[in-house]
1. Inside segment 394-408, can you point out the residues that are free of Cβ contacts under 8 Å to residues at least 60 places away in the same chain and either under 8 Å from residue 432 (Cβ atoms) or among the aliphatic types (A, V, I, L, M) (or both)?
2. Could you list, ordered by first residue, the pairs with Cβ atoms under 6 Å in which the first is in segment 34-61 and modelled with pLDDT under 95 and assigned to a loop (DSSP other than H, G, I, E, B) and the second is among the acidic types (Asp, Glu) and open to solvent by less than 80 Å² (accessible area, probe 1.4 Å), at least 6 apart or interchain?
3. Can you name every residue in segment 323-361 that is hydrophobic (A, V, I, L, M, F, W, C), modelled with pLDDT of 90 or more and not in a loop (DSSP other than H, G, I, E, B)?
4. Identify, by number, the condition in (1) touching a Leu at 6+ places or on another chain (Cβ under 6 Å); (2) farther than 22 Å from residue 442 by Cβ; (3) of a type outside the set (Ser, Thr, Tyr) that residue 560 doesn't meet.
5. Any idea which of 304, 299 is in contact with a Cys (Cβ under 8 Å, 6 or more places away or on another chain), farther than 30 Å from residue 172 by Cα and not charged (D, E, K, R)?
6. Looking only at segment 83-98, how many residues end up being in contact with a helix residue (DSSP H, G or I) (Cβ under 8 Å, 6 or more places away or on another chain) and open to solvent by 10 Å² or more (accessible area, probe 1.4 Å)?
7. Does residue 417 fit the bill of being in a helix (DSSP H, G or I), more than 16 Å from ligand 2 (Cβ to nearest atom) and surrounded by fewer than 19 Cβ atoms within 10 Å (Cβ to Cβ)?
8. Which one is farthest from residue 135 (Cα to Cα) among residues in segment 26-44 that are hydrophobic (A, V, I, L, M, F, W, C) and open to solvent by less than 60 Å² (accessible area, probe 1.4 Å)?
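The values are calculated or read from the model by the stated rules, or taken from the named source; none is laboratory data. In this text the structure is predicted, and so the values were computed from the model without any measurement. Quick reminder, even Gly has a Cβ in these numbers, built from the backbone with ideal geometry, and neighbours come from all protein chains shown. Just so you know, the surface numbers come from the protein's heavy atoms only, side chains and all, with ligands and any DNA or RNA stripped out. Shrake-Rupley method; radii C 1.70, N 1.55, O 1.52, S 1.80 Å.
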Amino acid sequence: MNEPGAPVVFKGFPAAEGIARGRVRTVDWHVPAVPRVAVPEGGRSRELERFRGALARARTELEGIKGETGSRLGPIEARIFDPQILMLDDPEVVLGTERYISDNRLTAARAFDWRMLELKDRWSRTSHPMVLDRLNDLEDLKVRVLRRLLDLPDPWEIGGDAEPGGIVAVAKDLTPSFVASLDASRVVGLATDEGTRTSHWAILARSLEIPAAAGLGDIAARAGDGQPIIVDGWSGRVVIEPDAREVDRFERRRATIRGWRRETPAIAREEAVTLDRKGVTLRANLDLPGEAARARALGARGVGLFRTEFLVVGRNTVPREEEQYLAYRSVAETFSSHPVLIRTFDLGGDKFPVFLRTPAEDNPFLGRRGVRVCPDEPELFLTQFRAMLRAAVHGDLRIMAPLVNTGAEIATVRELLGMAENQLRSEGVPFARAVEVGAMIETPAAALAAPGLAAHADFFSIGTNDLVQYTLAVDRTNTRLAHLYDPFHPAVLRQISMVARAGRAAGVEVSACGEMATRPLGVLLLLGLGVEVLSVAWRSLPGIKRIVRNCRLDEIRAAAEVSLEAPTGAEARRSFAASLRPTLNRVFPPGA
Ligand code: PEP
Ligand code: MG
């Protein structure tokens, strides 16, 4: 544990926007070694009964969490808990455990623990090693049931007195059921050793508006209950035992953010125009369909990235067309007069659904990822395209493919879309025709080949998260390399500028949807490099609009021109920030 009184800074990933200050409450998922107790000859039926009773209780609890999530976030969001509920009926789990109780006279706890260990081992080997959410679900269920069988208190129930200022839950990793069960009036922030922005629990935390930082390394081991802590869910920075300077900085930021919050309804109604009267289009990034209405209320003019992976990650069955259709339709209808750019399943890298049974790859981020999965899984994508084409009847829905490198990949998407159209037509099901198909520009290959790709794509969306990763060969999920992950690197800036020019020349809209568009300096730089359609994390919309309304596009362009010629990322950032100091001071008054 960390020495009391000495500030310790952790740097991880921003997992859910917002800032929080409170006291640490460590959350321990560890279940102590299950005692080895022999069951007497006649005790088997009692153990079987106890096991079934624990499963029934787990089901009641999970159904309760699902119901609660359904009313807080929506029915589609609530389905995140289905995999765990289904596991309670899975013969591999139930019959496997019962057999151990009957045949080997193990206690219910020991039999279940043993069975779960076997399944974990098998799933880790036979499916993709990055089926993290699925393993996370398994662990969550294991802890839930074992705690019942061993009469242990629940880690997900944060009891005790409320800390003044609120509780920050600190854990090795979290689960969706933990986050969904939190009392948001008491738990003000989350900080974890593991996980990324794409972890299921992080998606829920964003939707529930609980600030969170993930991938912090060893914070769980170093934090002690009751220690003061600050979590910055925008930058991924966490400070334990903050000193007076850190606290002061935090409180000033909090006051500024509160001031902005008061202005939010007014800002949401205002236009996103610069001081020299140039219009900028601000759209929202969504991870879950229920976020659409909130994004619209914050002033989004459409959706620039609707990630659809929530429908597949952690699931062991292919999502049905009807479920997808309803999810896509609800977003399309929420933004009936604005574009909704919906992304095809972006699988691979750090996210693969269990049902694909994908073999392990040595370099998953360079492997079967994004649009590359399409030709191998026509049924999965045909179902998705059918749902998208049907939903497109209800709004301006446009389809975009991730990790595109070539025109041939866009042609594959169009081919599958054509097949989906033919099917729907022959079935007499209504669908939209001539739906636009765009390419995400996420690799140097795509950026450098943008003029040629423009002949195949109806629009471009620059995914800066991946573009930076692939340009610099820096794994975006590796916190130890975070200092090398530089969106201001000249190679990145030049590619963004090239893509913007290629799009303009071909009359193809270019937007940007990576995290860069959510950072103040990144927003200005993208605008300066010629990208005037930005899609940002929905909660950041009012802040980004504030920046847009306080800058002059001609000044930003001139500053970006200079940065483009800078020899290093550090120099590009320094010169850009220096020449835009007056703008930055207008948005963030010194001392704010
Ligand atoms: C990106 O790569 O910038 C992007 C928006 O996609 P994701 O973060 O989902 O990979
Ligand atoms: Mg990407």
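1. Narrowing segment 394-408 to residues free of Cβ contacts under 8 Å to residues at least 60 places away in the same chain: 399, 401, 404-408.
Result: 399, 401, 404, 408.
2. 34/113; 39/47
3. So the first thing to find is which residues in segment 323-361 are hydrophobic (A, V, I, L, M, F, W, C), and the list is 326-327, 331-332, 335, 340-342, 345, 347, 352, 354-356, 360.
The next check asks that each one be modelled with pLDDT of 90 or more; those that pass are 326-327, 331-332, 335, 340-342, 345.
Matches in segment 323-361: 326, 327, 331, 332, 340, 341, 342.
4. Looking at each condition in turn, residue 560 falls short on (2).
5. Working: 299 fails: in contact with a Cys (Cβ under 8 Å, 6 or more places away or on another chain).
That would be 304, the only listed residue that is in contact with a Cys (Cβ under 8 Å, 6 or more places away or on another chain), farther than 30 Å from residue 172 by Cα and not charged (D, E, K, R).
6. The initial filter retains those residues of segment 83-98 that are in contact with a helix residue (DSSP H, G or I) (Cβ under 8 Å, 6 or more places away or on another chain), namely 83-85, 87-88, 92-94, 96-98.
Okay, now just the ones that are also open to solvent by 10 Å² or more (accessible area, probe 1.4 Å), so 85, 92, 94, 98.
Number of matching residues: 4.
7. Working: in a helix (DSSP H, G or I): yes; more than 16 Å from ligand 2 (Cβ to nearest atom): yes; surrounded by fewer than 19 Cβ atoms within 10 Å (Cβ to Cβ): no.
No, not satisfied.
8. Of all residues in segment 26-44, those hydrophobic (A, V, I, L, M, F, W, C) come to 27, 29, 31, 33-34, 37-39.
Keeping just the survivors that are open to solvent by less than 60 Å² (accessible area, probe 1.4 Å) gives 27, 29, 31, 34, 39.
Working: 27: 18, 29: 14, 31: 16, 34: 20, 39: 30 Å.
Across segment 26-44, the extreme among qualifying residues is 39.
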